[in-house]
Each structure stands twice: as C-alpha cells, then as structure tokens.
Amino acid sequence: MTKSALQIARAAYVPKMPEGLWSNVRLEEGAATSAAGDAEEIKKLFPNTYGMPVVKFVQTDGQPGLENPMNVGVILSGGQAPGGHNVIAGIYDGIKRLHPQSRLFGFILGPAGLIEHNYKELTGDIIDEYRNTGGFDIIGSGRTKLETKEQFDKGLEILKKLDIKALVIIGGDDSNTNACVLAEYYKAINAGVQVIGCPKTIDGDLKNEQIETSFGFDTACKVYSELIGNIERDCNSARKYWHFIKVMGRSASHIALECALQTHPNICIISEEVEAQSLSLDDIVDQIATVVAQRAEKGLNFGTVIIPEGLIEFIPAIKSLIAELNDLLSKTEEFSLVRRSQQREYIIGKLSQENAKIYASLPEKVAKQLALDRDPHGNVQVSMIQTEELLAQMVATRLEEWAKEGKYKGKFATITHFFGYEGRCAAPSNYDADYCYSLGYTASMLIASGKTGYMASVRNTTAPAHEWIAGGIPITMMMNMERRHGEMKPVIQKALVKLDGAPFQYFKSKRDEWAIETDYVYPGPIQYFGPTEVCDQPSKTLQLEQRGKLE
Ligand code: FBP
C-alpha cells in the first residue's frame with residue numbers, strides 16, 4: 001500500500017483512552033434497567049437480555065488478563081464512518097492485552113460475510129496498516145440485514161468453527177437492533193456466543209441519554225464544514241452565486257445543523273422543524289427566496305444554503321406521497337413490467353388523487369428518483385434525490401415571478417453541491433480516533449466480562465480523554481416498539497434533532513443575523529497536529545449538548 005505523508009505521520013499517533021482502561025479493569029454494575037418505551041413488550045421479546053445493569057470500567061490492581069485466549073469476530077455494517085479501523089484496532093489491542101494468543105476475525109463486506117462464511121484473520125501486521133486511517137476497507141462493509149433465524153444459525157456454524165467467543169457488530173441503529181436480537185437468540189439457545197454492538201454513523205442519529213454520539217459524525221462534519229467554509233470564502237470573493245449545498249444524513253438533520261454551527265451560512269433548513277411546522281415545499285421555497293430578496297436589496301446577490309439530505313421525507317405532503325409510493329413499489333412484479341417511459345403515468349394513475357397531484361407537479365428528474373429501488377431496510381435512497389437542484393430551480397422560478405410583480409430586483413445565479421461521500425472515509429479527527437479506539441477496547445473488556453446484548457459506551461467525551469468513562473449499556477434499554485413495514489417491531493429509537501435542544505436553540509438565536517449579514521466562518525482542514533484545544537475539539541453539537549455553551 002503506498003502511503004501519503006499524512007498516513008505515515010498518523011500511523012504513529014497513539015489514541016488517548018479513558019483512565020479506567022489504562023491498566024487492569026474492574027467492572028462496576030449499576031441498577032437494573034428498563035426500556036426507552038413499551039417496557040412490558042420489550043421484556044417479553046427479550047427475556048434473556050432485558051433489564052441488565054449499565055456497567056462501567058474502573059482501574060484495579062487485580063489479576064492481569066485472562067487465563068485462556070479468546071477469539072473474537074467483527075463486522076462493519078452500513079455506511080462508512082471515519083474511525084471504524086480504530087474500533088477494530090482497539091478490539092485487537094484489548095484482546096491481545098487480555099491474552100497474547102487471542103485472535104480476531106473480520107467478516108468480509110458486512111453481515112453477509114458472517115452468513116456466507118467469508119472472513120479473514122486480522123493479524124498485527126494488518127491492523128498496523130490501518131491504525132488511525134479512514135474507511136472500512138480493512139474488511140469492507142455491507143447493508144445485508146441480519147434478522148432471520150436461518151441467518152443466525154448459519155452464522156453460528158462459522159462462529160463455532162472458528163471458536164469465536166463473541167461477535168462485535170459495528171453499526172447504526174438498525175444494525176445494533178439486530179445485534180440485540182442476535183444476542184437474545186444466542187443466549188436463548190445457549191450458543192455460547194456473546195454479541196456486543198458499537199455506535200457508528202456519520203448521521204449522528206444513534207445517540208440517547210446513554211450514548212453521547214455515534215462515531216464518524218465529528219470527522220465527517222469537520223470535512224463538510226471545511227468545504228462549505230471554502231465555498232463561502234469563494235462566494236464572498238466572487239459575489240455572484242448562490243450555492244445550494246446538500247449534506248448527508250439520511251433522516252435526521254444533525255449534520256446540516258453542525259455544519260451550520262461551524263460555518264454560519266445564510267440559510268440552513270432543518271427537516272425536523274419543517275415537519276413540526278407542517279411546511280410545504282412551497283413554504284420552504286418562499287423562505288429561501290425571501291432571504292435572497294432581502295440580501296439583493298443590500299446589493300448582496302450571493303449566499304449559501306445548507307440542505308439536509310433527508311429533507312424531502314420530512315415535508316408532510318411528500319412523506320405521505322412516499323408512503324403510498326412504498327406500498328405501490330413493493331408490488332415490484334407489476335411495476336417492473338411497466339415500460340420505463342410509461343412509469344410516471346402508471347404511478348400517477350395508481351396514486352390517490354392528492355398524492356397524484358403532488359407527484360405530477362414534481363420535476364421529471366425528482367419524480368424518477370422517488371420511484372427508484374429502496375435499500376434493503378426499505379428506505380428511499382435519499383442520497384439519489386437532487387433536492388439541492390429542485391430547490392435552486394424552484395427559488396429561481398419564484399424570484400422571476402416576484403421580479404415581474406416588482407417585488408424583487410437582483411441577480412440570481414446558482415451552483416449546487418452534494419457533500420456526503422467526501423467525508424465518510426476521511427482520516428479520523430483526534431476525537432474520532434480516540435473515541436473509536438476506546439470503544440473497541442471497551443468492547444473487548446465487555447466480552448472478557450462475559451457480557452452480551454450490550455453496546456460499548458464511552459461517555460463524558462467533552463472532557464479530556466483521561467476523564468472519559470468507559471462501560472456498556474444494555475441495548476434493550478434504548479429500545480421501544482415502532483411500526484416498520486406495517487408491523488410493530490422492537491427498535492432502537494432514532495435520535496432526530498430536538499427542537500428544544502441546545503444546538504438547535506443556539507442556531508435559531510443566530511440564524512436571522514447570519515441570513516442577512518455575511519458572517520461566514522472558515523474552519524479550514526481538520527487539525528491533527530498542534531495544540532490540544534484546537535486538535536481535540538469535539539463537535540459544536542456535543543459542546544452545546546454537554547456544556548450548554550460553545551468554547
Ligand atoms: P449509515 O446510517 O449506515 O451509517 O449510513 C449513513 C449514510 O452515509 C447516509 O448519510 C446516506 O444517506 C447513506 O448512508 C448512503 O448510503 P450508501 O452508502 O448505501 O450510498
């Protein structure tokens with residue numbers, strides 16, 4: 001592998017860890033737990049893994065390590081997120097510390113690797129190549145859902161063959177829900193295999209009172225904010241374009257909000273607010289056009305708009321259209337027989353009157369994108385929908401109308417961007433490098449303590465790393481019942497942006513000023529070397545959530 005100068009320098013970085021993990025550890029157990037909602041139902045569905053205590057690790061002088069080696073398996077599930085390699089390095093170092101003959105096996109290309117018995121042993125040489133690097137390429141990732149008994153049994157065959165004591169699933173809310181179902185099943189049949197989850201997703205929507213943040217969010221947002229800052233500086237120099245920038249985040253708007261806190265754009269749409277206020281596409285267009293017109297009055301014919309990737313699904317009218325489309329497209333056989341050129345007409349003919357009207361009003365390209373295949377979890381592939389173009393076009397049309405009515409005098413030229421894949425595999429920031437390594441190391445300690453159905457947790461992460469608290473949270477504690485594909489299912493609650501939360505409230509208090517004034521912030525690239533207060537800074541979202549203020 002040819003390495004860049006940064007990779008060579010970063011290979012020498014030693015991730016910081018919570019003090020509790022520095023030497024031999026002792027487990028401290030808290031009180032029994034319940035569920036996030038529907039406790040009775042969750043208890044019935046998870047009789048073997050419900051109600052376990054929250055645990056934390058503290059230093060002890062006790063016996064070092066384990067008497068016997070332990071073999072561990074690891075899976076990377078879902079979208080890439082910076083720091084995944086460090087979780088694996090943390091697991092590796094943890095199990096080796098417990099016993100030098102312990103072994104780590106990685107399942108290739110996500111959960112499918114477990115079912116298809118496709119794996120490789122991760123030895124010290126391999127691990128060293130990937131320390132502090134971005135990406136998931138050490139074993140690859142995939143979106144196969146681990147959910148059926150057949151899959152669990154097939155997986156168990158290979159786990160037994162490799163004498164694997166525990167499986168670590170590194171994934172988002174859906175993958176960790178499935179990790180919990182798997183843990184329950186293996187415990188119920190006395191399979192002798194533990195399952196531990198790790199919170200991953202750049203989207204930042206796997207968090208709750210117990211899990212402060214998902215890894216990857218920090219780095220991805222810093223990369224997008226660097227790019228947005230660069231665009232803002234260009235825009236403030238050329239003074240002739242409005243930039244419409246869509247950022248990833250399939251559902252929640254955490255990434256958009258964090259980027260706004262970092263760069264002070266003129267406009268940032270927050271999907272959760274759109275839904276709460278029942279705004280239509282037209283209302284959003286009006287809001288943007290109003291700011292464009294106000295800036296034009298001051299001679300400022302330029303600006304930046306941040307759009308969350310998931311927006312379209314939060315506009316109530318479009319949400320109902322998507323729900324009906326999902327039903328319609330699930331009858332795939334009938335739909336696949338319709339010729340491509342006639343699909344739009346076919347869909348319009350089948351939809352209810354109200355949804356047909358909305359669907360017909362959408363630009364051809366967007367209508368087509370809404371009818372594309374769903375992902376394996378049944379989600380619309382929002383990253384394929386060009387909302388940034390849709391909004392730019394609709395705002396242009398609105399401004400033309402206003403110009404005719406004499407309500408707007410200005411120039412409106414647009415450039416659109418989509419930032420998603422640019423940030424998902426970046427070299428992890430110090431925060432993510434430290435957080436991920438600590439999560440992996442914690443996972444290995446949970447395994448050694450015989451735990452199953454737990455998610456590795458590292459808390460107090462806005463403090464210096466030695467003060468972080470490592471432990472485990474029973475996954476059932478984060479669950480409730482939700483309707484998925486027409487059925488009530490136990491799932492980890494997805495964390496959307498809280499409109500009464502400190503990050504959104506801070507943004508709200510500033511956004512009118514940012515809209516009209518040009519108050520851009522240029523964060524520049526992630527700092528890996530230099531003063532700790534610069535390099536180790538956690539996201540603005542975390543700073544506001546944990547400390548209630550920005551440093
Ligand atoms: P996860 O939820 O699996 O972490 O993935 C998040 C994400 O990056 C979203 O932001 C984006 O919508 C989606 O993945 C893109 O999916 P794909 O990787 O399949 O293109």
Task: Whichever residue in segment 290-337 is exposed (fewer than 14 other Cβ atoms within 10 Å of the Cβ) and not in a helix (DSSP H, G or I) and, among such residues, is nearest to the chain's Cα centre (by Cα) - done: LYS331
TODO: Could you tell me which residue of segment 247-269 is surrounded by the most Cβ atoms within 10 Å (Cβ to Cβ), considering only residues that are small (Gly, Ala, Ser) and either near the ligand (Cβ under 9 Å from one of its atoms) or not assigned by TED's automatic domain parsing to the domain that holds LYS510 (or both)?
DONE: GLY249
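I'd like to verify a number: residues in segment 28-46 that are open to solvent by 50 Å² or more (accessible area, probe 1.4 Å), farther than 13 Å from PRO474 by Cα and among the hydrophobic types (A, V, I, L, M, F, W, C), how many?
Result for segment 28-46: 1.
Listed residues GLU545, GLU513; which is surrounded by fewer than 17 Cβ atoms within 10 Å (Cβ to Cβ) and assigned to a helix (DSSP H, G or I)? If you could, list the steps in order and put the result at the bottom.
Details: GLU545 fails: surrounded by fewer than 17 Cβ atoms within 10 Å (Cβ to Cβ).
Going through GLU545, GLU513 in turn, the sole match is GLU513.
Residues checked against (1) open to solvent by less than 50 Å² (accessible area, probe 1.4 Å); (2) outside any helix (DSSP H, G or I); (3) in contact with an Asp or Glu (Cβ under 9 Å, 6 or more places away or on another chain); (4) not basic (Lys, Arg):
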{"position": "ARG344", "(1), (2), (3), (4)": "yes, no, yes, no"}
{"position": "ALA367", "(1), (2), (3), (4)": "yes, no, no, yes"}
{"position": "LEU390", "(1), (2), (3), (4)": "yes, no, no, yes"}
{"position": "GLN393", "(1), (2), (3), (4)": "no, no, no, yes"}
{"position": "GLY406", "(1), (2), (3), (4)": "no, yes, no, yes"}
{"position": "PRO428", "(1), (2), (3), (4)": "yes, yes, yes, yes"}
{"position": "TYR431", "(1), (2), (3), (4)": "yes, no, yes, yes"}
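Against the condition touching a strand residue (DSSP E or B) at 6+ places or on another chain (Cβ under 8 Å) and not assigned by TED's automatic domain parsing to the domain that holds LEU311, how does GLY471 come out, does it pass? Can you show your working first?
Numbers: touching a strand residue (DSSP E or B) at 6+ places or on another chain (Cβ under 8 Å): yes; not assigned by TED's automatic domain parsing to the domain that holds LEU311: yes.
For GLY471, the condition - touching a strand residue (DSSP E or B) at 6+ places or on another chain (Cβ under 8 Å) and not assigned by TED's automatic domain parsing to the domain that holds LEU311 - is met.
Could you please let me know if ARG97 is basic (Lys, Arg), more than 16 Å from the ligand (Cβ to nearest atom), closer than 23 Å to PRO18 by Cα and open to solvent by 10 Å² or more (accessible area, probe 1.4 Å)? Walk me through how you get there before you give the answer.
Working: basic (Lys, Arg): yes; more than 16 Å from the ligand (Cβ to nearest atom): yes; closer than 23 Å to PRO18 by Cα: yes; open to solvent by 10 Å² or more (accessible area, probe 1.4 Å): yes.
Answer is yes for this residue.
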Open item on the list: For segment 188-203, give me each residue that is farther than 21 Å from GLY90 by Cα and within 12 Å of the ligand (Cβ to nearest atom).
Closed with: ASP203
Task: Subset of segment 47-90 that is more than 16 Å from the ligand (Cβ to nearest atom) and among the hydroxyl-bearing types (Ser, Thr, Tyr) - its residue that is least open to solvent (accessible area, probe 1.4 Å) - done: THR49
TODO: Return yes or no: is SER383 open to solvent by 80 Å² or more (accessible area, probe 1.4 Å), at pLDDT below 85 and part of a helix (DSSP H, G or I)?
DONE: no
Open item on the list: Given the condition buried (at least 24 other Cβ atoms within 10 Å of the Cβ), under 13 Å from the mean Cα position of the chain (by Cα) and of a type in the set (D, E, K, R), answer yes or no: does some residue in segment 221-234 qualify?
Closed with: no
- [ ] Considering only segment 442-467, state which residues are surrounded by 24 or more Cβ atoms within 10 Å (Cβ to Cβ), assigned to a loop (DSSP other than H, G, I, E, B) and not β-branched (Val, Ile, Thr).
- [x] GLY453
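Return yes when CYS180 is under 17 Å from LEU76 (Cα atoms) and more than 16 Å from the ligand (Cβ to nearest atom) and no when it is not.
On the way: under 17 Å from LEU76 (Cα atoms): yes; more than 16 Å from the ligand (Cβ to nearest atom): yes.
So CYS180 fits the description; yes.
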TODO: Filter segment 130-189 for residues that are among the aromatic types (Phe, Trp, Tyr) and open to solvent by less than 40 Å² (accessible area, probe 1.4 Å) and give the result.
DONE: TYR130, PHE136, PHE152, TYR186
Open item on the list: Quick check on segment 221-242. Is at least one of its residues among the polar types (S, T, N, Q), more than 16 Å from the ligand (Cβ to nearest atom) and in contact with a strand residue (DSSP E or B) (Cβ under 9 Å, 6 or more places away or on another chain)?
Closed with: no
Open item on the list: Please verify whether GLU334 is in contact with a Ser or Thr (Cβ under 8 Å, 6 or more places away or on another chain) and either more than 28 Å from VAL395 (Cβ to Cβ) or not polar (S, T, N, Q) (or both), treating the condition exactly as stated.
Closed with: no
Open item on the list: Would you confirm whether or not segment 207-214 contains a residue that is open to solvent by 60 Å² or more (accessible area, probe 1.4 Å) and within 25 Å of the chain's Cα centre (by Cα)?
Closed with: yes
- [ ] Please state which of the following conditions LYS319 fails to meet, knowing it meets all the rest: (1) within 16 Å of the ligand (Cβ to nearest atom); (2) without any contact (Cβ under 8 Å) to a residue 60 or more places away in the chain.
- [x] (1)
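The values are calculated or read from the model by the stated rules, or taken from the named source; none is laboratory data. Everything quoted here is computed from the prediction, not taken from an experiment. Neighbour counts are summed over all protein chains in view; Cβ atoms, including those assigned to glycine, are modelled from backbone coordinates with ideal geometry. The area values use the complete protein model at the heavy-atom level, side chains included, leaving out ligands, DNA and RNA. Shrake-Rupley method; radii C 1.70, N 1.55, O 1.52, S 1.80 Å.
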